[in-house]
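Engineer: Here it is, the structure in full.
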Amino acid sequence: MTNAPTRADLLRAIALDEPSALKGSSHGASLSTLDLERKGFPELRGGNLGVRIAANAAERDAAQALRYRVFFEEMGAVPDEQARRLKRDIDPFDEVADHLLVIDHEIEDGPAGVVGTYRLLRSDAASQLGRYYSQGEYDLSPLLEFPGRLLEVGRSCVDRAYRGRAAMQLLWRGIASYIFLYRVDVLFGCASLPGTNPEALADELTYLYHNHLAPPALRIRALEDRYVDMQRGDPHALNHRRCLAGLPPLIKGYLRLGGYVGDGAVVDHQFNTTDVAILVKSELLADKYYRHYERRLRDALD
């Protein structure tokens, strides 16, 4: 007689997309009633790709090297002397953040296999530095007064050869699992549109402001000396489909999850981008991904 899987086994099966492992569990279980072991972050797999947290300095270095290749060599960001010399995108937040990695196991299980990354900075980690990265562009007062746990996300990039659905879906699954693991309430960060000319992005910025502006309780605002008005045209004259098509995939992904934007854009000349603040109440992200796996659990138990 086989032992019924533990609740930890069930959670792992859900995260790893292994519905067969759910057979034999008791009826009535659901994702909301599963006990979560908060002892670590299991790797999630999709074919030869996996997503997990960097386990050591070498894997973090691989993420920084990938960021340099994408941001500076490919997208035209301007490196400072340290970045140019090391061929790495590095800042003080890297030391206290977690680094979500997409790894191609056909290349290697470790640093050489890193093909995607996302930096995750929890509020308790940010307190070690006394600030978030986004505070260089936005006044976070509404968020800092918000009664819940925060997660700042940023420095997202994927190697050019892997910019398809598989890698991005793994990153989203990884973030959903991470916010579930650490009981995050709101995730936020700066998301970038290409170029430093807001007029060239007038339709997209106007669309974002008039259709996805955050409610007052979450509405962070660009710092006064960096504030760029997002209302740059007649919102009634916009072609919404064309505006959405002009947005980067990452921003569209946030919006599909019910995400909001803050008030004001910021031009980042170093990274050759125009940034907007993105905010997502974490249950929206968790619901999208875990509702799918909860259905699988229920089907497996019937």
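Engineer: State all residues of the range 80-98 that are assigned to a helix (DSSP H, G or I) and more than 16 Å from LEU151 (Cα to Cα); if no residue qualifies, say none.
Structural biologist: Step one: of the range 80-98, the residues assigned to a helix (DSSP H, G or I) are 81-86, 92-95.
Those that are assigned to a helix (DSSP H, G or I) and more than 16 Å from LEU151 (Cα to Cα): GLU81, GLN82, ALA83, ARG84, ARG85, LEU86, PRO92.
Engineer: Collect the residues in the range 99-123 that are touching an Asp or Glu at 6+ places or on another chain (Cβ under 6 Å) and outside any strand (DSSP E or B), keeping them in residue-number order.
Structural biologist: The answer is PRO111, GLY113.
Engineer: Taking the condition among the polar types (S, T, N, Q) and at pLDDT 95 or above, does GLN64 pass?
Structural biologist: Details: among the polar types (S, T, N, Q): yes; at pLDDT 95 or above: yes.
Yes.
Engineer: Here is a follow-up. Tell me, yes or no, whether the range 199-207 has at least one residue that is touching a helix residue (DSSP H, G or I) at 6+ places or on another chain (Cβ under 9 Å) and either within 25 Å of PHE146 (Cα to Cα) or surrounded by fewer than 18 Cβ atoms within 10 Å (Cβ to Cβ) (or both).
Structural biologist: Applying the first criterion (touching a helix residue (DSSP H, G or I) at 6+ places or on another chain (Cβ under 9 Å)) to the range 199-207 yields 203-207.
Keeping just the survivors that are either within 25 Å of PHE146 (Cα to Cα) or surrounded by fewer than 18 Cβ atoms within 10 Å (Cβ to Cβ) (or both) gives none.
Looking through the range 199-207, none of the residues is touching a helix residue (DSSP H, G or I) at 6+ places or on another chain (Cβ under 9 Å) and either within 25 Å of PHE146 (Cα to Cα) or surrounded by fewer than 18 Cβ atoms within 10 Å (Cβ to Cβ) (or both).
Engineer: Still on this structure: Check ARG45, ARG131 and return the single one that is part of a loop (DSSP other than H, G, I, E, B) and of a type in the set (Lys, Arg).
Structural biologist: Numbers: ARG45 fails: part of a loop (DSSP other than H, G, I, E, B).
Only one candidate passes the filter, namely ARG131.
Engineer: Inside the range 173-201, can you point out the residues that are under 26 Å from HIS269 (Cβ atoms) and assigned to a helix (DSSP H, G or I)?
Structural biologist: Answer for the range 173-201, where residues must be under 26 Å from HIS269 (Cβ atoms) and assigned to a helix (DSSP H, G or I): PRO198, GLU199, ALA200, LEU201.
Engineer: Which number in (1) touching a residue at least 24 places away in the same chain (Cβ under 8 Å); (2) farther than 26 Å from VAL78 by Cα marks the one condition that HIS236 misses?
Structural biologist: Evaluating HIS236 over (1) touching a residue at least 24 places away in the same chain (Cβ under 8 Å); (2) farther than 26 Å from VAL78 by Cα leaves (1) as the failure.
Engineer: Hey, among the residues in the range 232-249 that are surrounded by 13 or more Cβ atoms within 10 Å (Cβ to Cβ) and in a loop (DSSP other than H, G, I, E, B), which one's farthest from the chain's Cα centre (by Cα)? It would help to see each step written out before you state the result.
Structural biologist: Just the residues of the range 232-249 that are surrounded by 13 or more Cβ atoms within 10 Å (Cβ to Cβ), to begin with: 232-233, 235, 238, 243-244, 246-248.
Filter once more, keeping what is in a loop (DSSP other than H, G, I, E, B): 232-233, 238, 246-248.
Values: ARG232: 28, GLY233: 30, LEU238: 28, GLY246: 20, LEU247: 16, PRO248: 14 Å.
Once the filter is applied, the top-ranked residue is GLY233.
Engineer: Just give me the residues in the range 137-172 being without any contact (Cβ under 8 Å) to a residue 24 or more places away in the chain and assigned to a helix (DSSP H, G or I), in sequence order.
Structural biologist: Those that are without any contact (Cβ under 8 Å) to a residue 24 or more places away in the chain and assigned to a helix (DSSP H, G or I): LEU144, ARG165.
Engineer: Here's something else I'd like to know. Of the conditions (1) out of contact with any Asp or Glu (no Cβ under 8 Å at 6 or more places or on another chain); (2) surrounded by fewer than 21 Cβ atoms within 10 Å (Cβ to Cβ), LEU223 fails just one. Which one is it?
Structural biologist: That leaves (1) as the condition not met.
Engineer: Pick from ILE175, ILE179, ILE107: which is surrounded by fewer than 18 Cβ atoms within 10 Å (Cβ to Cβ), among the β-branched types (Val, Ile, Thr) and in contact with a helix residue (DSSP H, G or I) (Cβ under 9 Å, 6 or more places away or on another chain)?
Structural biologist: On the way: ILE175 fails: surrounded by fewer than 18 Cβ atoms within 10 Å (Cβ to Cβ); ILE179 fails: surrounded by fewer than 18 Cβ atoms within 10 Å (Cβ to Cβ).
Going through ILE175, ILE179, ILE107 in turn, the sole match is ILE107.
Engineer: So which residues in the range 110-159 are more than 22 Å from LEU181 (Cα to Cα) and small (Gly, Ala, Ser)?
Structural biologist: Restricting attention to the range 110-159, the residues satisfying the condition of being more than 22 Å from LEU181 (Cα to Cα) are 110-115, 129-131, 133-142, 145, 157-159.
Matches in the range 110-159: GLY110, ALA112, GLY113, GLY130, SER134, GLY136, SER141.
Engineer: Turning to a different aspect of this structure: For the range 61-96, give me the residue count where each residue is within 21 Å of the chain's Cα centre (by Cα), of a type in the set (A, V, I, L, M, F, W, C) and buried (at least 19 other Cβ atoms within 10 Å of the Cβ). I'd like the intermediate steps shown before the answer.
Structural biologist: Of all residues in the range 61-96, those within 21 Å of the chain's Cα centre (by Cα) come to 61-72, 74-75, 77, 88-96.
Right, trim to of a type in the set (A, V, I, L, M, F, W, C) and you get 62-63, 65-66, 70-72, 75, 77, 90, 93, 96.
Narrowing further to those that are buried (at least 19 other Cβ atoms within 10 Å of the Cβ): 62-63, 66, 70-72, 77, 93.
Total satisfying the criteria: 8.
Engineer: Which numbered condition trips up ASP139, out of (1) crowded, with 23+ Cβ neighbours inside 10 Å; (2) more than 18 Å from LEU66 (Cβ to Cβ); (3) charged (D, E, K, R); (4) touching a Lys or Arg at 6+ places or on another chain (Cβ under 6 Å)?
Structural biologist: Going through (1) crowded, with 23+ Cβ neighbours inside 10 Å; (2) more than 18 Å from LEU66 (Cβ to Cβ); (3) charged (D, E, K, R); (4) touching a Lys or Arg at 6+ places or on another chain (Cβ under 6 Å) one by one, ASP139 breaks only (1).
A quick yes/no check of all residues on (1) in contact with a Lys or Arg (Cβ under 8 Å, 6 or more places away or on another chain); (2) among the polar types (S, T, N, Q); (3) at pLDDT 95 or above:
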{"residue": "ASP185", "(1), (2), (3)": "yes, no, no"}
{"residue": "PHE188", "(1), (2), (3)": "no, no, yes"}
{"residue": "GLU199", "(1), (2), (3)": "yes, no, yes"}
{"residue": "LEU208", "(1), (2), (3)": "no, no, yes"}
{"residue": "HIS212", "(1), (2), (3)": "no, no, yes"}
{"residue": "ARG221", "(1), (2), (3)": "no, no, yes"}
{"residue": "VAL228", "(1), (2), (3)": "no, no, yes"}
{"residue": "GLY246", "(1), (2), (3)": "no, no, no"}
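Engineer: Let me ask you something else. Looking at the range 274-286, is at least one residue more than 28 Å from ARG69 (Cα to Cα), part of a helix (DSSP H, G or I), within 12 Å of the chain's Cα centre (by Cα) and at pLDDT below 95?
Structural biologist: The answer is yes, given that some residue of the range 274-286 is more than 28 Å from ARG69 (Cα to Cα), part of a helix (DSSP H, G or I), within 12 Å of the chain's Cα centre (by Cα) and at pLDDT below 95.
Engineer: Under 6 Å between Cβ atoms, at least 6 apart or on separate chains: pull out the pairs that start in the range 56-69 with a residue that is basic (Lys, Arg) and end on any residue that is crowded, with 16+ Cβ neighbours inside 10 Å.
Structural biologist: Filtered contacts from the range 56-69: ARG60/ALA54; ARG60/HIS99; ARG67/ASP89; ARG67/ARG155; ARG67/CYS157.
The values are calculated or read from the model by the stated rules, or taken from the named source; none is laboratory data. These numbers come from a predicted model, not from an experiment. All Cβ positions, even for glycine, are placed from backbone atoms using ideal geometry, and neighbour counts span all protein chains on display.
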